[in-house]
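Participant: My questions will all concern the structure given below.
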Amino acid sequence: MTEKTFTVTGMKCVHCKAKVEDALNSLKGVDSALVNLDDANVTVKYDETQVVPQDMKEAVDDLGRFEMIL
């Protein structure tokens, strides 16, 4: 398992937090995703043989209001 923290722009409330976490947690290979609204980031624990950061970025960016910075 790998754990990395990524900046996510556009998050402002607990609903944003839930949307980003749900999008990431739905990906195969993601064990956990935890958003920190105060720091505008998400810490993701994942299996690098099943999912890569670009996949995570696309899942977050596809939500429309957010951008995950790699």
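Participant: Show that you can apply the helix-only estimate: for the chain, add -39,500 (n - 2.57) for every DSSP H stretch of four or more residues, divide by all residues, and state [θ] at 222 nm to the nearest 500. Walk me through the intermediate numbers first.
Facilitator: Details: 2 runs with 21 residues, N = 70.
That comes out to -9000 deg cm²/dmol.
Participant: So what are the three principal axis dimensions of the stretch 1-41 from its Cα atoms, in whole Å, longest to shortest?
Facilitator: Taking the Cα atoms of the stretch 1-41, the three principal extents are 28, 17, 11 Å.
Participant: How large is ³J(HN,Hα) for each residue in the stretch 41-54, as worked out from phi by the Karplus curve 6.51 cos²θ - 1.76 cosθ + 1.60 (θ = phi - 60°), to whole Hz, x for Gly and Pro?
Facilitator: 3J(HN,Hα) across the stretch 41-54, in whole Hz: 9, 9, 9, 10, 9, 8, 8, 5, 7, 10, 8, 10, x, 4.
Participant: With a 1.4 Å probe and every protein chain kept in, tell me what percent of the accessible surface of the chain is carbon plus sulfur.
Facilitator: Details: 1940 of 4160 Å².
Carbon and sulfur atoms account for 46 percent of the accessible area of the chain.
Participant: Let me ask something else. Roughly how many Å² of Thr7 are accessible to a 1.4 Å probe, to the nearest 10?
Facilitator: 70 Å²
Participant: Find which of Thr2, Cys13, Ser32 sits farthest along the positive direction of the dipole of the chain, computed with +1 on the beta-carbon of Lys and Arg, -1 on that of Asp and Glu, about the Cα centre.
Facilitator: Most positive-ward Cα: Cys13.
Participant: Per residue, how many Å² of accessible area does the chain show with a 1.4 Å probe?
Facilitator: Details: 4160 Å² over 70 residues.
Heavy-atom accessible area per residue stands at 59 Å².
Participant: Now for a separate question. For the chain, just the Cα atoms, rotate onto the principal axes and tell me the three extents in Å, largest first.
Facilitator: Extents along the principal axes: 32, 21, 19 Å.
The values are calculated or read from the model by the stated rules, or taken from the named source; none is laboratory data. In this text the structure is predicted, and so the values were computed from the model without any measurement. Note that each Cβ is placed from the backbone with ideal geometry, even for glycine, and that neighbours are counted across all protein chains shown. These area figures cover heavy atoms from the full protein model, side chains too; ligands, DNA and RNA do not enter into them. Shrake-Rupley method; radii C 1.70, N 1.55, O 1.52, S 1.80 Å.
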